[in-house]
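Only one structure is covered here, and it is reproduced in the block below.
What follows draws every value from the coordinates through simple rules; no lab data is involved. Source: prediction; values computed, not measured. Neighbour counts run over all protein chains shown; Cβ positions are idealised from the backbone, glycine included.
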Amino acid sequence: MPAPQNFAYKVAEVVALIPPGRVSTYGAIANYLGTGMSARMVGHVLGKSIEGHTVLPAHRVVNAQGLLTGAHAFPPAHSMEDRLAQEGVAVIDNRVVDFGRLFWDPARHL
DNA sequence: TCGATGACTATAG
DNA sequence: CCTATAGCCATCG
């Protein structure tokens, strides 16, 4: 590991710890990291990490509305909801069904 | 060091 | 439901 950025590293850790069949939000992760509501960093650094060499289940990370905002910028974008569906997460119109129940809070679990 | 950017969030109309 | 505006802060050139 060539000195991974602390922020990116923590994001990778948390995202990698998200159990299958569960989804998390940028705000929750940002809050857990102590970055407050700067959820943009989570998604941005996540995208950078994923394009670099780190393979993270980014498809399990959605916005506060349960919308697959990442699917718009994730290469094979359409596979994002497919992956969620395979893990037991129903996705309709880029929106997670029962998002409130499938929501996984890192600060709560950790 | 500075400026622009963005996979966000919340509030308002 | 949709658009607009403001706040947020790490990353990149």
Region A:25-52 residues that are over 13 Å from A:A64 (Cα atoms), paired with ones that are more than 7 Å from DNA strand B (Cβ to nearest atom) and of a type in the set (D, E, K, R) (beta carbon under 6 Å, 6 or more apart)
A:L33/A:K10
Can you tell which of A:G34, A:G88, A:G21 is within 14 Å of DNA strand C (Cβ to nearest atom), loosely packed, with under 14 Cβ neighbours inside 10 Å and not aliphatic (A, V, I, L, M)?
A:G34
So, in region A:62-81, of the ones that are aliphatic (A, V, I, L, M) and more than 17 Å from A:D98 (Cβ to Cβ), which residue ends up farthest from DNA strand B (Cβ to nearest atom)?
A:A77
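Considering only residues of region A:49-81 that are among the charged types (D, E, K, R) and in contact with a helix residue (DSSP H, G or I) (Cβ under 9 Å, 6 or more places away or on another chain), which is farthest from A:T25 (Cα to Cα)?
Within region A:49-81, the subset among the charged types (D, E, K, R) is A:51, A:60, A:81.
From what's left, in contact with a helix residue (DSSP H, G or I) (Cβ under 9 Å, 6 or more places away or on another chain): A:60, A:81.
Numbers: A:R60: 8, A:E81: 15 Å.
Checking each candidate, the answer is A:E81.
Sort through A:D93, A:D98, A:D82 and tell me the only one that's free of Cβ contacts under 8 Å to residues at least 12 places away in the same chain, within 10 Å of DNA strand C (Cβ to nearest atom) and more than 10 Å from the chain's Cα centre (by Cα).
Details: A:D98 fails: within 10 Å of DNA strand C (Cβ to nearest atom); A:D82 fails: within 10 Å of DNA strand C (Cβ to nearest atom).
Matching residue, one of A:D93, A:D98, A:D82: A:D93.
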Restricted to region A:51-69, and to residues that are within 12 Å of DNA strand C (Cβ to nearest atom) and part of a helix (DSSP H, G or I), which residue is farthest from the chain's Cα centre (by Cα)?
A:G52
